[in-house]
Amino acid sequence: MTYLVVVDYEKDSERKRIDYLIERWSNRGSIEKIRKMAIIVDVDNIDDFIKDIMSRLEGNPEEKVKVYEIKEVKKTIPSKKITLNYEVADKKEVVEGFLKYLMAKIGASYECSINDTKKYEAYTKKGSCSISIKLKEKGNKLIINFEIEGYGESVDLIKNKIDNDMKLFIEGLL
């Protein structure tokens with residue numbers, strides 16, 4: 001089965017990541033990056049539309065125009081979500097400083113804060129994911145909650161980096 005995949009990217013960095021992905025997948029099947037004009041057309045008379053296009057082309061238009069019937073395939077692939085929870089002695093300033101360091105170390109960029117939750121975006125060679133960090137005081141303890149969400153292997157990769165560094169940090173506090 002052959003599919004037409006349309007990717008609407010906004011930044012050149014996204015295009016480059018898709019180009020890299022195409023290169024990696026090229027040995028798994030036939031993948032052709034279209035370097036032509038692709039038009040999705042939904043008109044009553046496709047033959048008249050094609051004749052109109054062909055009348056504007058030079059040389060042999062029959063060789064330059066290919067028409068495929070397509071239908072959109074709705075793929076609902078759920079994102080992967082992992083939650084990590086840690087409990088430490090209530091040293092909020094120390095923890096906040098370490099969390100800033102940790103996000104910088106994994107290359108996560110700060111997006112926004114909503115109430116007591118900070119949101120970050122991380123890009124890896126395996127994909128991108130969002131990271132939400134929530135701090136909650138509970139008695140003389142501080143609960144640190146990470147929620148990592150994304151697609152592919154990036155979620156596990158970021159989870160492992162955060163988990164390893166958090167365990168080392170918590171050991172250092174004891």
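The values are calculated or read from the model by the stated rules, or taken from the named source; none is laboratory data. Predicted model, so just to flag it, every value in this text is computed and none were measured. Glycine gets a Cβ as well: all are built from the backbone with ideal geometry, and neighbour counts include every protein chain shown. Accessible surface is based on the protein model in full, side chains and every heavy atom, while ligands, DNA and RNA are left aside. Shrake-Rupley method; radii C 1.70, N 1.55, O 1.52, S 1.80 Å.
Rounded to the nearest 0.05, what FRET efficiency is calculated for residue 163 and residue 34 with R0 set to 45 Å and r the Cβ-Cβ distance?
According to the calculation, E is roughly 0.65.
Calculate what fraction, in whole %, of the accessible area of the chain sits on carbon and sulfur atoms when a 1.4 Å probe is rolled over the protein chains.
Roughly 50 percent, rounded to a whole number.
Using only the Cα atoms, work out Rg/Rh for the chain, with Rh taken as the Kirkwood radius, to two decimals.
Rounded to two decimals, Rg/Rh equals 1.19.
For the chain, what's the relative contact order in percent, using C-alpha pairs closer than 8 Å and at least 6 residues apart?
18 percent
Averaged over all directions, how much area does the convex hull of the C-alpha atoms of the stretch 92-174 cover when projected, in nm²?
One quarter of the hull surface, i.e. the mean projection, equals 5.4 nm².
Set the Förster radius R0 to 30 Å, insert the Cβ-Cβ distance between residue 113 and residue 7 as r into 1/(1 + (r/R0)^6), and round the FRET efficiency to 0.05.
Once the sixth-power term is evaluated, E becomes 0.45.
If the limit is 31 Å between Cα atoms, which of 33/74; 16/91; 36/161; 136/161; 75/138; 11/80 go over it?
16/91; 36/161; 75/138
Students sometimes get this wrong: rank 6, 88 by accessible area, probe 1.4 Å, all chains present, largest first.
Final ranking, largest accessible area leading: 6, 88.
The stretch 13-98: percent of C-alpha pairs farther apart than 14 Å?
Here the tail beyond 14 Å accounts for 81 percent of pairs.
For the stretch 43-96, which chymotrypsin sites (Phe, Trp or Tyr not before Pro) pass both filters: DSSP loop (anything but H, G, I, E, B) and at most 10 other C-beta atoms within 10 Å?
68
Could you work out [θ]222 nm for the chain from helices alone, using -39500 (n - 2.57) per DSSP H run of at least four and dividing by all its residues? Round to the nearest 500 deg cm²/dmol.
One gets -11000 deg cm²/dmol as the mean residue ellipticity at 222 nm.
Under a 5 Å amide H to amide H cut-off, with H placed in plane at 1.01 Å, what residues pair with residue 108 once short-range neighbours are removed?
none
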